[in-house]
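Below: one structure, written as structure tokens.
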Amino acid sequence: IAAIGILVAVLYQVLVRAGREDQAMMTTLAGLIIVLTMIIKEIRIKNFRSYYGDNNRFEFSKDGLTLILGDNGDGKTTLFEAIQWLLDTTVDRGRMEHVSEMGKSKLEIGEHDEVIVSIKFEHNDCDMEVEKSFTFERKDATSYLVSDISYRGYQTIGAERESVSGKV
């Protein structure tokens, strides 16, 4: 962790000397520190691309290395795309390309479902969770209505779980 702090400090100095000191840069550096120092505990994916349904949970080892193995087409790349989508706060509306083909095919006209990607992690000895989701509804045989994206965050403090909503 000390090495990460040194790396971020050096990067900050380089950017300041290049005249790039601004709020976006500071936000990016803060995000970099959090991502590099968090310990991922669990990822949950519902109806995202090849992950159909709500039983797609990945628990990560607390003691060491977690390997993700599988044949071609088993969803290894999609797992990382789901994490990338979760952490991307630049998009405000869900897109049907993110919805599982099976999820689309099982919906009857007028029914709706949702796409959810969440990650539970530890940062500075505090358990946290971040979730991104949107709903989609089948309007007719070929069209769907897609909602805006919802962001939720949770922080566990002792026995209490505080909700933090919104887009950072």
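The values are calculated or read from the model by the stated rules, or taken from the named source; none is laboratory data. Keep in mind the model is a prediction, meaning the values are calculated, not measured. Methodologically, a virtual Cβ is constructed for each residue, glycine included, from the backbone with ideal geometry; neighbour enumeration extends over all protein chains shown. All accessible areas refer to the heavy atoms of the entire protein, side chains included, with ligands and DNA or RNA removed. Shrake-Rupley method; radii C 1.70, N 1.55, O 1.52, S 1.80 Å.
Tabulated values for the structure
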item: Residue count for the range 143-152, restricted to those that are under 18 Å from the mean Cα position of the chain (by Cα) and exposed (fewer than 15 other Cβ atoms within 10 Å of the Cβ); result: 1
item: Pick from the range 44-61, criterion within 14 Å of the chain's Cα centre (by Cα) and among the hydrophobic types (A, V, I, L, M, F, W, C), ranking: modelled with the lowest pLDDT; result: PHE58
item: Checking GLN155 against (1) at pLDDT 85 or above; (2) open to solvent by less than 60 Å² (accessible area, probe 1.4 Å), the condition it does not meet; result: (1)
item: Test set (1) at positive phi; (2) in contact (Cβ under 8 Å) with a residue 60 or more places away in the chain; (3) of a type outside the set (D, E, K, R) - GLY75 fails condition number; result: (2)
item: Test: GLU101 is under 17 Å from ARG44 (Cβ atoms) and not β-branched (Val, Ile, Thr); result: no
item: Filter result for THR77 (modelled with pLDDT under 90, open to solvent by 20 Å² or more (accessible area, probe 1.4 Å), polar (S, T, N, Q) and within 17 Å of the chain's Cα centre (by Cα)); result: yes
item: Qualifying residues in the range 91-137 (those that are of a type in the set (Gly, Ala, Ser) and open to solvent by 30 Å² or more (accessible area, probe 1.4 Å)) - the one modelled with the lowest pLDDT; result: SER105
item: Condition check for ASP140: modelled with pLDDT of 90 or more, over 22 Å from ILE40 (Cβ atoms), over 16 Å from the mean Cα position of the chain (by Cα) and assigned to a loop (DSSP other than H, G, I, E, B); result: yes
item: Residues within the range 96-126 that are touching a residue at least 40 places away in the same chain (Cβ under 8 Å) and part of a loop (DSSP other than H, G, I, E, B), tallied; result: 2
item: Tally, over the range 54-88, of residues that are touching a strand residue (DSSP E or B) at 6+ places or on another chain (Cβ under 7 Å) and in a loop (DSSP other than H, G, I, E, B); result: 3
